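The values are calculated or read from the model by the stated rules, or taken from the named source; none is laboratory data. All of these numbers come straight from a predicted model, not from anything done at the bench. Here the Cβ positions follow ideal geometry from the backbone for every residue, glycine too, while neighbour counts run over all protein chains shown. Surface areas here come from the heavy atoms of the whole protein model, side chains and all, with no ligands, DNA or RNA. Shrake-Rupley method; radii C 1.70, N 1.55, O 1.52, S 1.80 Å.
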Amino acid sequence: MAVLVPVLGRLAKALLTLLAIAVLNFFLIHAAPGDPAVVLAGEAGAADEQMIAQLRERFGLDQPFHVQLGSYVWNIVQLDFGYSFRQGAPVLDLILDRLPATLILTLTAFVISLTLGIILGVAASARVGKASDSLLTTLALLFYATPLYWAALMAVLVFSVELGWLPGFGYETVGANYTGLARVWDVIKHLILPASTLGLFFMAVYMRMTRASMLEVSQMDFVKTARAKGLSGPVIRRRHILRNAILPVVTLAGLQAGQLVGGAVLTETVFAWPGIGRLMFESLAARDYNTILGVFLVSAAMVIVFNILTDLVYRLVDPRIGARA
Amino acid sequence: MIRRFASNKGAVIGVLILLLVIGLALTADLLFPRGPWAMVQRPFLVPFTMDGFPLGTDTLGRDVAAGLVHGARVSLLVGLVSTVVALAIGVPLGAIAGFYGGWADEGAMRFTEFFQTIPNFALAIVLVAILEPTLTSITLAIAIVSWPPVARLVRAEVMAVKSREYVDAARLAGLSKARILTTEVLPNTVSPIIVMASLMVATAILLESSLSFLGLGDPNAMSWGYMIGAARTVIRSAWWLSFFPGVAILVTVLALNLIGEGLNDALNPHLSRKGTA
């Protein structure tokens, strides 16, 4: 149970962070040019005087500043993110409706990129200086410089328009009404392109990190000892080097979670994937600030959950961490 | 040091590419005096089919090559200025936290950690959307999401340097704390900051292009991301409209990353390539 205590500490810190983001959101609404009530109403509701008056009263916009701040944050604490006049529904409902799709997409991309990144990084470090290492390193360098959304568009062009292998947009085939396993397979087919293009950049990051970390650990004394004991190369790499080299990669993966969640906005936009990123994109054109800020807060919460998860993985991989922290 | 940099083949290629992009950006008005918005030919002109329009035209008959060359300006400008602004926030904060320690360190690091937890692209979107998209707001938003790693790096470097003997010597000589920080400590942290800055310009260019792809670009400035975003819906019939700007971004960002790695190897030869990931 000793594992749980630091997690509780992190949860408390996470809640404080979310509160701070709520405060930040409040200041952003006031930083926007124009009347905050009009900002909250979004473009769609701007014409309706009565609604603006209602909003002003509901958010206490005629009250002193600190009272406004208090009531705004209190609403967020109660999970009331306001109402999207554009979509005609509470923001929370819109987000909850779209959240599963984003979770599937980001988790799949995270797992794919971390697994492939570590495998390729280990492979490159085992062949350091050879042609296959240079090839892998160059590919990583290329993926690292490729804009996410462009990789996604090019993947649609090649695999869905030219070759016709995979569907290029959406979450499932519209109107097919698959059930059971057929539906799962249909979703998986739709998931392959978005998840792999979202994961491409991160795979490159993890691969470079794994390779560098493997090479660094392989210089250490205990590796020389293992070699002197007469252990074979692959055994040393797997049991001795990889176990130590993987820690900084996991740390980095946790830090990168935020970028992954942010990148989902781009991927979901290209593939018309019905997640919260796509919701954010749709709200941008409509200047639907309530929804934009709601998605922002929820994606920050997602990042925190990702961080706590990687922290747990970290403790499982290396039991020494718990004692030190 | 320069010789070490020049012996790195990748870094030299990076510099050559970057010089080419800078050259094109500077001469954009001479090469394409009509500007990137002028409709010069029929729409959807396929590349390599008509002299004078090697990269074809877009949905409104605008020259894709002109767009690319003018777009280079926005990418380089935003990349460079936002990095400078991010350094202006991150360096003092990290330096004060690392040098003075105590509650200043505690406060500065909590603040930095908070900004690192926020998904940075999502924050950039929110900032630009709320402040209205202009070159200034885009640059500012990118700077606001990019400074935390700078602060952490500078803090760590300052903490490593401040216990060196020459700093003790300066203290004995009676120099004030602020003077020691600015004249003795900070100059010795410059090389890792330079390496990080070159990589930050690359990231900033990617961020800017991603924002304009989503329609959050400055409506008065042609940019690579905008070109791809505008062509997204016609990708099935006009591949070249998204293809060429993407290649431009990729090549520029790649060049900057190569330069960053070359600088890292040249300035910190004793370090492994840990920091490049």
| query | Scanning for something outside any helix (DSSP H, G or I) and farther than 15 Å from A:Thr106 by Cα, does the range A:304-321 turn up at least one residue? | reply | yes
| task | Could you tell me whether the range A:256-278 includes any residue that is within 14 Å of chain B (Cβ to nearest Cβ), open to solvent by 10 Å² or more (accessible area, probe 1.4 Å) and of a type in the set (Lys, Arg)? | result | yes
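Of these, A:Arg243, A:Arg227, A:Arg208, which one is surrounded by fewer than 24 Cβ atoms within 10 Å (Cβ to Cβ), among the basic types (Lys, Arg), touching a residue at least 12 places away in the same chain (Cβ under 8 Å) and part of a helix (DSSP H, G or I)?
Being surrounded by fewer than 24 Cβ atoms within 10 Å (Cβ to Cβ), among the basic types (Lys, Arg), touching a residue at least 12 places away in the same chain (Cβ under 8 Å) and part of a helix (DSSP H, G or I) holds for just one of A:Arg243, A:Arg227, A:Arg208, which is A:Arg243.
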| request: May I ask you to list the residues in the range A:110-135 that are part of a helix (DSSP H, G or I), touching a helix residue (DSSP H, G or I) at 6+ places or on another chain (Cβ under 7 Å) and within 14 Å of chain B (Cβ to nearest Cβ)? | output: A:Phe110, A:Ser113, A:Leu114, A:Gly117, A:Ile118, A:Leu120, A:Gly121, A:Ala124, A:Ser125, A:Asp133
| message | Only one of A:Leu166, A:Leu198, A:Leu191 is within 30 Å of A:Leu141 (Cβ to Cβ), among the aliphatic types (A, V, I, L, M) and not in a helix (DSSP H, G or I). Can you tell me which? | response | A:Leu166
| said: Going through A:Val73, A:Val67, A:Val111 one at a time, which residue ends up being free of Cβ contacts under 8 Å to residues at least 40 places away in the same chain, outside the structural domain of A:Ala204 (by TED's automatic domain parsing) and not aromatic (Phe, Trp, Tyr)? | reply: A:Val67
| request: Find the residue count for the range B:82-139, including only residues that are β-branched (Val, Ile, Thr), part of a helix (DSSP H, G or I) and within 13 Å of chain A (Cβ to nearest Cβ). | output: 6
| request: Within the range B:102-124, identify whether any single residue is modelled with pLDDT under 90 and over 28 Å from A:Val23 (Cα atoms), and answer yes or no. | output: no
| field | Residue selected from the range B:257-277 under the condition open to solvent by less than 40 Å² (accessible area, probe 1.4 Å) and within 8 Å of chain A (Cβ to nearest Cβ), by the criterion modelled with the lowest pLDDT | value | B:Ala277
| task | Considering only residues that are more than 14 Å from every other protein chain (Cβ to nearest Cβ) and open to solvent by less than 40 Å² (accessible area, probe 1.4 Å), look in the range B:140-162 and name the one that is farthest from A:Glu268 (Cα to Cα). | result | B:Val161
| remark: Filtering the range B:105-132 down to residues that are in contact (Cβ under 8 Å) with a residue 12 or more places away in the chain, under 17 Å from A:His30 (Cα atoms) and open to solvent by 10 Å² or more (accessible area, probe 1.4 Å) yields B:Leu127
